[in-house]
Amino acid sequence: QVQPVESGGGLVQPGGSLRLSCAVSGSRQLFAVMGWYRRAPGKERELVALQTVGRDRTYADSVKGRFSIGRDHVKKTATLQMDDLKSEDTATYYCVVRGSGLEYWGQGTQVTVSS
């Protein structure tokens, strides 16, 4: 069974940085898309960043210039470097992988930005 697993969340002060990682187990497939969504309390889930196997990257306007997505095709991992974090970045962050018409979600990792 394909299962993305996130790591790297935690508590950070405003202006700080965190790096999230996503590792995919249960498949040797090179997924067409890997990326990140988030859901803040009381809000809908929203796109954060996506990267295709061809290295095309998409970012939400709210994180452009502060977050950076990366992929390692050999290790089948994705990362999200988050800098200059703000209180509004507080959310549960989910890794998503897409390929062959299917989509798989991780369980999420909590990011809390607070002083």
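The values are calculated or read from the model by the stated rules, or taken from the named source; none is laboratory data. Computed from a predicted model, the values in this text were never measured in an experiment. Neighbour counts run over all protein chains shown; Cβ positions are idealised from the backbone, glycine included. These accessible areas exclude ligands, DNA and RNA; they are computed on the full protein's heavy atoms, side chains included. Shrake-Rupley method; radii C 1.70, N 1.55, O 1.52, S 1.80 Å.
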Log entry, pairs with first residue in the range 63-81 being touching a residue at least 60 places away in the same chain (Cβ under 8 Å) and within 21 Å of GLY10 (Cα to Cα), second being surrounded by 15 or more Cβ atoms within 10 Å (Cβ to Cβ) and of a type in the set (S, T, N, Q), beta carbons closer than 9 Å, six or more apart or on different chains, reads THR79/SER21; THR79/SER68; LEU80/SER21; LEU80/SER68; GLN81/SER68
Reported set for the range 17-49 where residues are under 11 Å from CYS95 (Cβ atoms) and without any contact (Cβ under 8 Å) to a residue 40 or more places away in the chain is ALA49
From the option list THR52, THR90, single residue qualifying as of a type in the set (S, T, N, Q) and either buried (at least 16 other Cβ atoms within 10 Å of the Cβ) or in contact with a helix residue (DSSP H, G or I) (Cβ under 7 Å, 6 or more places away or on another chain) (or both) is THR90
ARG57 touching a strand residue (DSSP E or B) at 6+ places or on another chain (Cβ under 7 Å), of a type outside the set (Gly, Ala, Ser) and open to solvent by 60 Å² or more (accessible area, probe 1.4 Å) = yes
Scanning the range 63-82 residue by residue, those outside any strand (DSSP E or B) and open to solvent by less than 60 Å² (accessible area, probe 1.4 Å) turn out to be VAL63, ARG66, HIS73, LYS76
Being more than 21 Å from ASP84 (Cβ to Cβ) and either surrounded by 14 or more Cβ atoms within 10 Å (Cβ to Cβ) or out of contact with any helix residue (DSSP H, G or I) (no Cβ under 8 Å at 6 or more places or on another chain) (or both) narrows ARG45, ARG19 down to just ARG45
Exception for CYS95 within (1) open to solvent by 30 Å² or more (accessible area, probe 1.4 Å); (2) touching an Asp or Glu at 6+ places or on another chain (Cβ under 6 Å) falls at (1)
